[in-house]
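Data first, discussion second: the structure below is written as structure tokens.
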Amino acid sequence: MAFLLLLLIHLSKRWRTDVLLVSPWLAPIVWEGTFNRDILNAQYRQKNFVVGVATFAVKKYDFPWFLGSANKFFLSGHRVNFYLFTDHPEKVPSINLAPEKRLFIIPVQNYSRWQDISMNRMDIISNHIHSHWRYEVDYLYSMDIDVQMFEHIGVEIIDTLVGTISSWQYTKPRDSNSYERHPESRAAIPHGEGDFYYAASFYGGSVSEVYKLTTACFKGVTEDRANGIEAKWHEESHLNKYLLYHKPTRLLSPEYYWDEELIRPRIIRVKRLSSHLWHLRD
Ligand code: UDP
Ligand code: MN
């Protein structure tokens, strides 16, 4: 009896009983303790996929932690192409990448407002998929550059359409006041609607799904601009609208993007990636 009890305690510590593991539309939610990386790696290796990572370093945004930590922890042992869009390509430090990883530096113009730099990522990604990535990579992930990885982020993130649940959702429930609610905006979500609140700092999926997502979100941004509107959380508001009506096939828990402003609750067992506290914006 005591043995059974100990076994149950052991299992409940290992396997997650403290968090939601499947969304109401049956998409898995990835948490530490819900998968076996060896099994996933063995399956994934047979496919020989190439994953692209799009990231931006414009104006003051530098990249001291991103590339080094991503080289070590992002899909380690698998083929990854990092695409760094920057307005100062000459300042990108040379880095010794793992043999299966490649870095492409792509010059890009800057904009005076950080909001525009952030929002225009959607347009640049959508255009680049059309001109290049659809021939070069199988999956594509967009990531902020002001982050550092601390633990492995592996093939458990690979799926057709992938969103990361915002860390704010597990601290202060922001869901009722974080979506854009003003009906004039193309990002508007009616009151009472919305399921998860997703972070724009890390999303991705198959190249064709990310193309649809970025094209639709940038169309919303452009229509809002024409009407003199900017959604509450910029492209993140448009991303949330899109993912409400085009449900992700897989959700990443906030282990995959932890906001350092917040105190980490016990359910976040591993901090795989987190934002940096200091802001570089103007
Ligand atoms: N960014 C940039 N230069 C800027 C503003 C933003 O390169 O002046 C890029 C950068 O990749 C950054 C991302 O856009 O990580 C999103 O902006 P930020 O991280 O400031 O947004 P937050 O995470 O605070 O929502
Ligand atoms: Mn950021």
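At what distance in nm do the modelled label points of VAL50 and GLU90 sit from each other, each positioned 7 Å from its Cα along Cα→Cβ? Simple spin-label model gives 3.0 nm for this pair.
The order of the peptides 101-111, 80-90 by mean Cβ neighbours within 10 Å, most packed first, is 80-90, 101-111.
Just the accessible area per residue of region 131-282, please: how many Å² with a 1.4 Å probe?
Working: 6420 Å² over 152 residues.
Here the per-residue accessible area is 42 Å².
Work out, step by step, the length gained on full extension between LYS60 and ASN41: first 0.36 nm times the residue separation, then minus their alpha carbon distance; give nm to one decimal.
On the way: separation 19, 0.36 × 19 = 6.84 nm, distance 3.70 nm.
Between LYS60 and ASN41, full extension yields an extra 3.1 nm.
With the simple model of a label 7 Å out from the Cα in the direction of the Cβ, ASP195 to THR171 spans 2.5 nm. In this structure the amide hydrogen of VAL50, modeled in the peptide plane, comes within under 5 Å of the amide hydrogens of ASP138, TYR139, none closer than 5 places in sequence on its chain. Along region 19-26 the Karplus relation, 6.51 cos²θ - 1.76 cosθ + 1.60 evaluated at θ = phi - 60°, assigns HN-Hα couplings of 9, 6, 9, 9, 6, x, 9, 6 Hz to successive residues, with x for each Gly and Pro. Quick one, could you list the DSSP H helices from the chain stretching 15 Å or more along their long axis (Cα atoms) with average Kyte-Doolittle hydropathy of 0.5 or above? The answer, listed by residue number, is 2-14. Spin-label model, LEU20/ILE105: points 7 Å from Cα along the beta carbon direction are separated by 4.3 nm. Expressed as a whole percent, the accessible surface of the chain that belongs to carbon and sulfur atoms is 56, based on a 1.4 Å probe. Taking all protein chains together and rolling a 1.4 Å probe, SER166 ends up with roughly 10 Å² accessible.
Paramagnetic label reach from THR222 (point 7 Å along Cα→Cβ; backbone nitrogen cut-off under 18 Å): within region 118-155, residues 118-132. The alpha carbon gyration tensor of region 138-237 gives principal lengths a ≥ b ≥ c with a/c of 1.5 or higher and a/b no greater than b/c, which makes the shape oblate. Suppose the Debye formula is applied to equal point scatterers at every Cα of region 73-217; what is log10 I(q)/I(0) at q = 0.20 Å⁻¹? Computed log10 I(q)/I(0) values: -1.52. For the chain, DSSP calls about 35 percent of its internal beta bridges antiparallel. Bridging of LYS241 to lysines at a Cα separation below 19 Å is possible for LYS212, LYS219, LYS232, once same-chain residues fewer than 8 apart are set aside. Calculated translational diffusion coefficient of the chain (20 °C, 1.002 mPa s; Stokes-Einstein with Kirkwood radius over alpha-carbon pairs) equals 109 µm²/s.
Once you sort the root eigenvalues of the Cα gyration tensor of region 92-170 as a ≥ b ≥ c, which label holds: rounded (a/c under 1.5), prolate (a/b larger than b/c) or oblate (the other case)? The shape class here is rounded. The eigenvalues of the Cα gyration tensor, multiplied by 5 and square-rooted, give region 16-72 an equivalent ellipsoid with semi-axes of 29, 19, 13 Å from largest to smallest. Considering only beta bridges that DSSP places wholly inside region 156-282, some 50 percent are antiparallel.
Given 0.36 nm per residue, what is the gain on full extension from ASP138 to LEU97 after removing their alpha carbon distance, in nm?
This chain segment gains 12.7 nm when fully extended.
Taking one quarter of the surface of the C-alpha convex hull of region 3-155 gives a mean projected area of 12.4 nm². The phi-based Karplus calculation (6.51 cos²θ - 1.76 cosθ + 1.60; θ = phi - 60°) puts the 3J(HN,Hα) values of region 154-170 at x, 6, 5, 8, 7, 6, 5, 9, 10, x, 9, 6, 4, 5, 5, 5, 9 Hz, whole numbers, x for Gly and Pro.
The values are calculated or read from the model by the stated rules, or taken from the named source; none is laboratory data. No experiment lies behind these values; they were computed from the predicted model shown. All Cβ positions, glycine included, derive from the backbone under ideal geometry; neighbour counts span all protein chains shown. Heavy atoms of the whole protein, side chains included, go into the accessibility calculation; ligands, DNA and RNA do not. Shrake-Rupley method; radii C 1.70, N 1.55, O 1.52, S 1.80 Å.
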